[in-house]
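K.L.:
The structure follows.
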Amino acid sequence: MSTKPIIAFVGMTHLGINYLAASAEKGFRVIGFDIEKKKILKLNKRQFEFSEPGLINAVKNNSNKISFESDFNQLSKCKIIYICPDVTTNSFGKSNVKILKNLIKKVIKKINNNSILIILSQVKPGFVRSIQINHVRLYYQVETLIFGNALERALNPERIIVGSQNKKKKINKEYLNYLSKFKCPIIHMNYESAELAKISINVLLASSITTTNILASACENVSADWNDIVPALRSDERIGKKAYLKPGLGISGGNLERDLHSIQDILKKNIQHKKTIESFKKSSKYMRSWIYRILINRIIANKNRVFNLGIFGLSYKENTTSIKNSPSIFLLEKLKDFKKVKSYVYDPKVKLKKSYRNCSQVFDMKKLIQKCNILIFLTPWHEFKKVNNYKNLIRKKRTVIVDPLRLTQFHDFKKDKYFTIGR
C-alpha cells in the first residue's frame with residue numbers, strides 16, 4: 001500500500017494557508033514554508049494574520065498533519081510542491097511578480113529531481129512557460145478563492161483547472177491522485193490557456209458587476225425596484241441562479257482589478273476592446289462614490305448644521321479583515337476635510353490603523369446609533385442584522401439611513417430618510 005505524498009505550500013499568505021488547511025482536511029501531511037521566520041513562529045503558535053471562517057479550527061483539528069518551516073532544505077522530503085504567495089498589486093491593479101520569481105528560483109534549488117512543482121499564484125499568460133525547469137514536472141493550477149469563503153472553496157471547488165506543457169500528455173499520476181480527493185471535474189489545458197482562464201473568470205464577473213450597477217441605477221430613474229427584477233433574471237437559465245446580480249459600490253478587494261489590468265495589457269493595440277475594459281474601471285469608480293454623492297447632493301446639501309455620520313463596516317466584504325479598495329475607506333478619505341461632518345465607524349473585526357480627521361472608531365453598536373443622525377451600512381456582517389432591533393429608536397431620532405446593499409429592514413422609511421441603490 002503506497003503512502004500519501006507530503007504536500008508543500010510555499011508562501012504563507014491567505015492563498016497558501018487556505019489551500020494547506022484544505023489539503024490537511026483531505027488527509028494529507030502538509031508543510032507550510034515561508035522565508036519570514038517570524039511568520040513561521042506565529043503560525044506554529046496558530047496565530048494568523050487574517051480572519052477566515054473555519055480556518056483556525058481546520059488547522060487545530062489537523063495539527064498532527066500540519067507543520068510550518070522556514071528551512072527550505074526540508075522541501076527535499078516533499079513530493080508535490082505548491083508555490084502560492086499572494087501576488088500584490090499597485091493602485092492601478094498591476095501585479096508585482098518580483099517576489100514570486102525570486103521564490104520560485106529559491107525553491108527550484110532545494111527540491112529533489114522527482115518533485116512536482118505547481119504554480120498556484122495568479123500570473124499572466126507566458127509566465128509559467130518561462131520558468132527554468134523541466135516542464136514535464138511543472139504545472140499551473142487556477143485558484144478561485146474568495147475572501148470570506150476561502151476555505152470552503154478550497155475544500156469544495158466546482159472544478160479544478162490545470163495547465164501543463166502539453167494538454168495531450170497525461171497529468172502526473174501522483175498529482176492526479178491528490179486532485180481526485182477533491183471530488184470534482186478536472187479541466188486540463190496548456191499553461192497559457194489556464195493562465196488566461198483565471199483572468200477570463202474575473203473579467204466576466206467584473207462585467208456582471210458593472211452591468212448590474214448600470215441597470216440598478218436605471219431603476220432609480222423610472223420608479224422601478226431592482227429587487228423585484230432580480231428573480232426574473234435568476235430564473236432565466238442563460239443568466240442563472242448564482243449570477244452576480246447584487247448592486248454594489250464598485251469592484252473591491254484587488255483581484256478583479258488586477259485581471260482588468262492584465263487583460264488590457266494582453267489586448268495591447270486592440271484599442272476598442274481596451275476601451276471596453278476601461279469603461280468597467282470607470283463604472284467601478286463612479287459607483288464607489290455613490291454614497292458620497294448621496295450625502296453631498298441629497299442629505300447634507302447646503303445645510304449648516306453638523307452631521308454625525310455612523311459607518312457600519314470597514315472591510316470591503318464580510319468575513320474578512322481586508323480593506324483593500326474598501327468603500328468605507330474611500331468615503332473616509334473623501335470626507336476627512338469636510339468640517340461639518342464627524343464620522344464614527346464600527347466593525348466587528350477591523351481596527352482603523354490610520355487616523356482620519358474628524359473620525360473616531362467605536363466598539364458598541366448601540367452607542368453608534370445613539371450618537372449619529374446618519375447611519376451608513378457598507379459591509380454585510382451578520383452581526384449588523386441586530387440593528388433592526390433599534391428601528392423604533394432610529395425612527396424616533398429621525399435618523400437618515402444610507403443602505404446601498406439593503407442590509408436593513410428600514411425600506412419603509414420615507415424617501416428622504418432611506419437611500420439605497422436600485423430604487
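K.L.:
Which one is modelled with the highest pLDDT among residues in segment 193-210 that are polar (S, T, N, Q) and touching a Leu at 6+ places or on another chain (Cβ under 9 Å)?
P.N.:
That would be S208.
K.L.:
Hey, does segment 321-340 have a residue that's of a type outside the set (S, T, N, Q), at pLDDT below 90 and within 22 Å of the chain's Cα centre (by Cα)?
P.N.:
Looking for residues that are of a type outside the set (S, T, N, Q), at pLDDT below 90 and within 22 Å of the chain's Cα centre (by Cα), one finds at least one in segment 321-340, hence yes.
K.L.:
Here's a follow-up. Which of the residues that make up segment 6-24 are within 14 Å of I66 (Cα to Cα) and surrounded by fewer than 19 Cβ atoms within 10 Å (Cβ to Cβ)?
P.N.:
If the condition is that a residue be within 14 Å of I66 (Cα to Cα) and surrounded by fewer than 19 Cβ atoms within 10 Å (Cβ to Cβ), then I6 is the only one that fits.
K.L.:
Report whether or not F419 is surrounded by 18 or more Cβ atoms within 10 Å (Cβ to Cβ), in contact with a strand residue (DSSP E or B) (Cβ under 6 Å, 6 or more places away or on another chain) and either over 30 Å from T89 (Cα atoms) or not assigned by TED's automatic domain parsing to the domain that holds I296 (or both).
P.N.:
So F419 passes the test.
K.L.:
Which of the following residues is over 25 Å from the mean Cα position of the chain (by Cα) and either buried (at least 20 other Cβ atoms within 10 Å of the Cβ) or under 27 Å from Q165 (Cβ atoms) (or both): I81, I108, I99, I104?
P.N.:
Within the list I81, I108, I99, I104, the selection yields I108.
K.L.:
OK, next. Name the one entry in K391, K386 that is more than 30 Å from the chain's Cα centre (by Cα), modelled with pLDDT under 95 and assigned by TED's automatic domain parsing to the domain that holds I329.
P.N.:
The conditions single out K391.
K.L.:
Could you pull out the residue among N114, N102 that is of a type outside the set (S, T, Y), in a helix (DSSP H, G or I), at negative phi and out of contact with any Phe, Trp or Tyr (no Cβ under 7 Å at 6 or more places or on another chain)?
P.N.:
Criteria check complete, one pass: N102.
K.L.:
Could you list, in sequence order, the residues of segment 357-389 that are assigned to a loop (DSSP other than H, G, I, E, B), surrounded by fewer than 19 Cβ atoms within 10 Å (Cβ to Cβ) and of a type in the set (A, V, I, L, M, F, W, C)?
P.N.:
Correct list: V362, F363.
K.L.:
Give all pairs with beta carbons closer than 9 Å in which a residue from segment 328-355 that is at negative phi and without any contact (Cβ under 8 Å) to a residue 60 or more places away in the chain meets a residue that is acidic (D, E) and part of a loop (DSSP other than H, G, I, E, B); count only pairs at least 6 apart in sequence or on separate chains.
P.N.:
Here the result reads S328/D347; Y346/D364, each pair linking segment 328-355 to a residue that is acidic (D, E) and part of a loop (DSSP other than H, G, I, E, B).
K.L.:
Right, next: Is it true that some residue in segment 109-120 is in the same structural domain as L75 (by TED's automatic domain parsing), farther than 17 Å from H14 by Cα and either touching a Cys at 6+ places or on another chain (Cβ under 7 Å) or of a type in the set (F, W, Y) (or both)?
P.N.:
yes
K.L.:
Just to verify a result, which residue in segment 229-245, among those that are modelled with pLDDT of 90 or more and closer than 20 Å to W290 by Cβ, is surrounded by the most Cβ atoms within 10 Å (Cβ to Cβ)?
P.N.:
L245
K.L.:
When you go through (1) surrounded by fewer than 21 Cβ atoms within 10 Å (Cβ to Cβ); (2) modelled with pLDDT of 90 or more; (3) over 22 Å from the mean Cα position of the chain (by Cα) one by one for L405, which number turns out not to apply?
P.N.:
Of the numbered conditions (1) surrounded by fewer than 21 Cβ atoms within 10 Å (Cβ to Cβ); (2) modelled with pLDDT of 90 or more; (3) over 22 Å from the mean Cα position of the chain (by Cα), the odd one out for L405 is (3).
K.L.:
Out of D364, D337, D347, which single residue is acidic (D, E) and in contact with a Gly (Cβ under 7 Å, 6 or more places away or on another chain)?
P.N.:
The unique qualifying residue is D347.
K.L.:
Go over the candidates A194, A216 one by one and state the one that is of a type outside the set (S, T, N, Q) and under 22 Å from L407 (Cα atoms).
P.N.:
Unique residue meeting the criteria: A216.
K.L.:
Test of understanding: among N304, N358, which residue is touching a residue at least 12 places away in the same chain (Cβ under 8 Å) and more than 29 Å from E220 (Cβ to Cβ)?
P.N.:
Of the residues listed, the single one that is touching a residue at least 12 places away in the same chain (Cβ under 8 Å) and more than 29 Å from E220 (Cβ to Cβ) is N358.
K.L.:
Okay, next question. Quick check on segment 260-313: of everything there that is of a type in the set (S, T, Y) and under 27 Å from R423 (Cβ atoms), which residue is surrounded by the fewest Cβ atoms within 10 Å (Cβ to Cβ)?
P.N.:
S279
K.L.:
Where in segment 123-219 are there helices (runs of 4 or more DSSP H), lying wholly inside it, with at least 3 residues that are of a type in the set (A, V, I, L, M) and buried (at least 16 other Cβ atoms within 10 Å of the Cβ)?
P.N.:
Here the list reads 150-155, 191-219.
K.L.:
Among the residues of segment 238-295 satisfying the criterion of being among the hydrophobic types (A, V, I, L, M, F, W, C) and assigned to a loop (DSSP other than H, G, I, E, B), which is farthest from the chain's Cα centre (by Cα)?
P.N.:
Top of the filtered list is I239.
K.L.:
Okay, next question. Being surrounded by 13 or more Cβ atoms within 10 Å (Cβ to Cβ), closer than 20 Å to I291 by Cα and without any contact (Cβ under 8 Å) to a residue 60 or more places away in the chain is the filter here, so list the residues in segment 390-402 that pass it.
P.N.:
Across segment 390-402, the qualifying residues are I394, T399, I401.
K.L.:
From the list K77, K45, which one is at pLDDT below 95 and either more than 27 Å from I108 (Cβ to Cβ) or of a type in the set (D, E) (or both)?
P.N.:
Only one candidate passes the filter, namely K45.
The values are calculated or read from the model by the stated rules, or taken from the named source; none is laboratory data. Only a predicted model underlies this, so the values are computations on that prediction, with no experimental measurement involved. Every residue, glycine as well, gets a Cβ built from its backbone with ideal geometry; the counts of neighbours run over all protein chains shown.
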